[in-house]
Amino acid sequence: MSDWTELEDEAVRITRELIRIDTSNYGDGTGPTERPAAEYVLGLLHEVGLDPVSLESQPGRASVIVRIAGADPSRGGLVVHGHLDVVPANAADWSVDPFSAEERDGMIWGRGAVDMKSMVGMVLANLRRIAREGIVPPRDLVFVFFADEEQGGTWGSQWMVREHPELFAGCTEAISEVGGYSVTLPVAGGGTRRAYLLQTAEKGFAWVHLRASGRAGHGSLPNDENAIVRLAEAITRINQHEWPLEYVASVRALFDGVTEITGVSPDDGLEAFLDLLGGGRAFVAGTLRDSANFTRLDAGYKNNVIPSEATAHIDCRFLPGHQDELLDTIRELAGEHVDLIIDQLGISVDAPRDSAFVASMQAAIQAEDPDAALLPYCLSAGTDNKALEALGIHGYGFVPLKLPADLNFAMLFHGVDERVPVDAVRFGARVLRRLLDDC
Ligand SMILES: [Zn+2]
């Protein structure tokens, strides 16, 4: 067996080198592309004798994929994926240069430190180990490094799944962001216990807009069919709607697990219960109900002209199984002179919580952190797992990071001074080693 320290060192080195390659995704086609990062990944893989494929959906929008054949071809393959892009960082807000990957206070600082170049570093270090040592995993492993996750995967995962589904043939499960990190729970009767939150579900999204119509006319004349007023009334109705609280199965499973450890029930006070989750609180708080937030507004073109149309965009997020219910509710609240137009839909994910693979993830965690629990949870945001779900591949968020109890982890995502503990990356590389060799 090779040296584990070598694996850990390589995961840390690759994480830092990736952060230094600015892959900011502005979402409008401007700025850098993923190509330099993809070329860096290709170099790392060629160096150990692998033959990866690089695909560009648009000039520069490169994704990299490579398959390692497993011992049992009759078993479904596992997709291990990460994204190469990051959200932009405004350097003036930061304590360090966001693309310097500085190591300070035991942390690696920089854009992508948690979202998600550290996972890509941990995965690449393991993939290189597998190649160097000629390891044959129990089943096929398909490693993918996607472009464009931060803009919904249009030029990355969505494009790959649509144009090259054959690359994922035979795969049944996947791991990627956002889950696997630890929270520290108070134990009933004293002491604490770490729980790793495995993302087994994610909310879907519906990016829609309302289009109110009315009677155009002169701004000086009476008009009781004003499109802007109709839109404003619809916005008010939708905004005042109280989306019902509902604990879907994955949320219920998390809550039951937390109650078992802490002795505290959400029925004793939901806010205090959520506070127990520390750095994972924000991720969970968004999964207790559907939501609809207005994000854009557009109407009119001149001060003395009443326009015939007015539009408002809504970012809707629905729990697994709630897509139709949410859209029906919005349509009804919008009213008779307001149409609902769906611009983009992202399906929800709800992967099995009891399976041999989940047991493997738990075993890999407990081999490195023996007293820890693994609890499922639902993510309020979306990941590239949505694209794979369309191929029937069950996606999990499993980036194993053993975190300090007081780290506000959720706030680091897309945040200022994004950073990751070096020891957490070392821990994650070891857990992934155990998982990939025994999955
Ligand atoms: Zn991400």
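Just a few scattered comments:
- Residue in region 105-147 that is surrounded by the fewest Cβ atoms within 10 Å (Cβ to Cβ), counting only those that are among the aromatic types (Phe, Trp, Tyr) and within 24 Å of Gly170 (Cβ to Cβ): Phe143
- Flag for Ala253 being touching a strand residue (DSSP E or B) at 6+ places or on another chain (Cβ under 6 Å), part of a strand (DSSP E or B) and not assigned by TED's automatic domain parsing to the domain that holds Phe427: no
- Among the residues of region 7-30, the ones that are without any contact (Cβ under 8 Å) to a residue 12 or more places away in the chain and among the acidic types (Asp, Glu) come to 2 in all.
- Within region 145-159, at least one residue is of a type in the set (A, V, I, L, M, F, W, C) and either away from the ligand (no atom under 16 Å from the Cβ) or free of Cβ contacts under 8 Å to residues at least 12 places away in the same chain (or both).
Condition check ((1) more than 16 Å from the ligand (Cβ to nearest atom); (2) surrounded by 19 or more Cβ atoms within 10 Å (Cβ to Cβ)) across all residues:
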position: Gln362; (1), (2): yes, no
position: Asp371; (1), (2): yes, no
position: Val399; (1), (2): no, yes
position: Val416; (1), (2): yes, no
position: Phe427; (1), (2): yes, yes
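- Condition met for Leu340 (surrounded by 14 or more Cβ atoms within 10 Å (Cβ to Cβ), at pLDDT 95 or above, in contact with an Asp or Glu (Cβ under 9 Å, 6 or more places away or on another chain) and within 21 Å of Gly204 (Cα to Cα)): no
- Test: residue in region 403-411 that is in contact with a Pro (Cβ under 6 Å, 6 or more places away or on another chain) and either assigned to a helix (DSSP H, G or I) or within 16 Å of the ligand (Cβ to nearest atom) (or both): no
- Residue satisfying all of: in region 62-87; assigned to a loop (DSSP other than H, G, I, E, B) and more than 14 Å from the ligand (Cβ to nearest atom); surrounded by the fewest Cβ atoms within 10 Å (Cβ to Cβ) among these: Ser74
The values are calculated or read from the model by the stated rules, or taken from the named source; none is laboratory data. Since we're looking at a predicted model, the values are computed, not measured. No Cβ is skipped: glycine too gets one built from the backbone with ideal geometry, and neighbour counts run over all protein chains shown.
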